[in-house]
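Structure first, then comments.
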Amino acid sequence: MSRGFRRSALIGAGLATVLAAGTAVVACQSSGGSAAPKLSVADPYIPLPATPGGMGAGYLTVRNDGGADQLVKVTSPGAGSVTMHRSTEQTMEEVGALEVPAHGSLNLARNGNHLMIMDWSKQPALGDELELDLEFAKAGTVVVKVPVKPLTYRPGS
């Protein structure tokens, strides 16, 4: 083989590698890796607290038809404190953020991830609605009106 041919072959192979890598990067970006989140909230509810003035739990589903995001904070003008928690079979722990996967959902449900609502500004009653301001890392704040349901309520029942 001539030195010129070998050099041309190496340059061609290198160029092909660079082009293939660039194509892979473009494909990853267009598959939703950096797409903006498209969030909606479904089935929100708060079971009536069992004791007057007691803590309440908040449940809802965040659906995402776009890129990944995180729920980073929850506040309410009707409560002094709203915290995010993760439950396992034996413990409940406060968390600083909850993942909202790309083209997926974050479920806040009994015996799993949920909200704890404390220091109500007024005692909740059946049928009341509590405003929750859900703050996401990328999508910003989503305001949701959450109805107070019977303690035994289950969505779809």
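Values for this structure:
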item: Cα-based reach from LYS149 at 17 Å (exclusive), listing aspartates and glutamates while leaving out same-chain residues under 8 positions away; result: ASP43, ASP128, GLU129, GLU131
item: Dipole magnitude of region 39-149 about its Cα centre (Cβ charges: Lys, Arg +1; Asp, Glu -1), debye to nearest 20; result: 140
item: Those trypsin sites (Lys or Arg not before Pro) in region 64-150 that DSSP places in a loop and that have at most 11 other beta carbons within 10 Å; result: ARG110, LYS122
item: Karplus (6.51, -1.76, 1.60) ³J(HN,Hα), θ = phi - 60°, over region 87-104, in Hz, Gly and Pro reported as x; result: 10, 10, 4, 10, 9, 9, 10, 6, 10, x, 7, 10, 6, 10, x, 4, 6, x
item: Backbone HN-Hα couplings from phi across region 68-82 [Karplus 6.51/-1.76/1.60, Hz, Gly and Pro as x]; result: 4, 8, 9, 7, 10, 6, 9, 10, 7, x, x, 8, x, 8, 10
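Laboratory data are not the source of any read-out in this text; all were calculated from the coordinates shown. These numbers come from a predicted model, not from an experiment. Here the Cβ is made from the backbone with ideal geometry for all residues, glycine too, and neighbour counts use every protein chain on show.
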